[in-house]
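Inspection log for the structure reproduced underneath, given as structure tokens.
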Amino acid sequence: MYTSLRAFFRKGMRQVYYKSRESLLGHHKRDIVVVHVDQACESLQDSRDQFEDALGKFKTILSLPDLSLDYRYQQLKKQYEFCRIKTDEVSHRIQLIEDVSEALFNEWETELALYRNRTLRSRSRQQLDKARRQYKKLIMALNKAESRIHPVLGAFQDQVLFLKHNLNAQAIAALQHEFVEISIDISKLIAIMEKTINEASQFVSTLVEQQALPGPGR
């Protein structure tokens, strides 16, 4: 009961927020969606770059013989924290996209009834259906990318924790063995992220197409 009330309150606050931006700043929901999608892409790119950088640091730290064990641990821990922060940012951006897109589509659906011109109403309906299909593909891609990030991040955390409690040469040898699997996982993750960024670009293009259509629906 408490959860449903909290969700209802949150939804109401979102509606007030978007209406305020629209009336005071002229920011339409569609434009806000585009901004959030762009920011999500930037977060994915940052996360991809961070995992690539962490992979390189991981390899260097394990291969250099003159580094102290504690130094190796501290460096790997720092790389893990960087990756975790980027992962949290991706999750936050996905939530923002879902929130404002829901508000946009609900408003768009309601305003179809305001059209007097049947041809324009039909065109707007087609654009709405197209945007929803593209949005569904985008969210699926984003959720897939996010779901692939967490196992890689978890594996990274395992290695950092293992090294923390086993600061010896044998632990380093074990990490070198795990490095191969982590490398493969990160490579797959990067490929998924890049595909997701392409899906986002297509979704933004769909919304931009609708911008030229006159009448309600903005």
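Each value in this text was obtained by applying a stated rule to the coordinates, not by laboratory testing. Quick caveat: nothing in here was measured; it's all calculated off a predicted structure. Please note: Cβ atoms are built from the backbone with ideal geometry, for glycine as well, and neighbour counts cover all protein chains shown.
Whole-Hz ³J(HN,Hα) for each residue in the stretch 200-207, computed from phi via Karplus 6.51 cos²θ - 1.76 cosθ + 1.60 with θ = phi - 60°, x for glycine and proline: what do you get?
4, 4, 5, 5, 4, 4, 5, 5
Quick one: what are the phi-derived ³J(HN,Hα) couplings along the stretch 68-79, Karplus 6.51/-1.76/1.60 with θ = phi - 60°, whole Hz, x for glycine and proline?
The phi angles translate into 6, 5, 5, 5, 4, 4, 4, 5, 5, 4, 5, 5 Hz.
What is the sum of charges, Lys and Arg at +1 and Asp and Glu at -1, for the other residues whose Cβ falls under 14 Å from the Cβ of ASP38?
Numbers: positive: ARG30, ARG93; negative: ASP31, GLU42, ASP46, GLU89, GLU199.
Counting the neighbours of ASP38, the net charge comes to -3.
Can you flag which of LYS78/LYS136; LYS29/LYS136; LYS137/LYS188; LYS86/LYS164; LYS78/LYS137; LYS77/LYS137 are past 25 Å Cα-Cα?
Where the Cα-Cα span goes over 25 Å, the pairs concerned are LYS78/LYS136; LYS78/LYS137; LYS77/LYS137.
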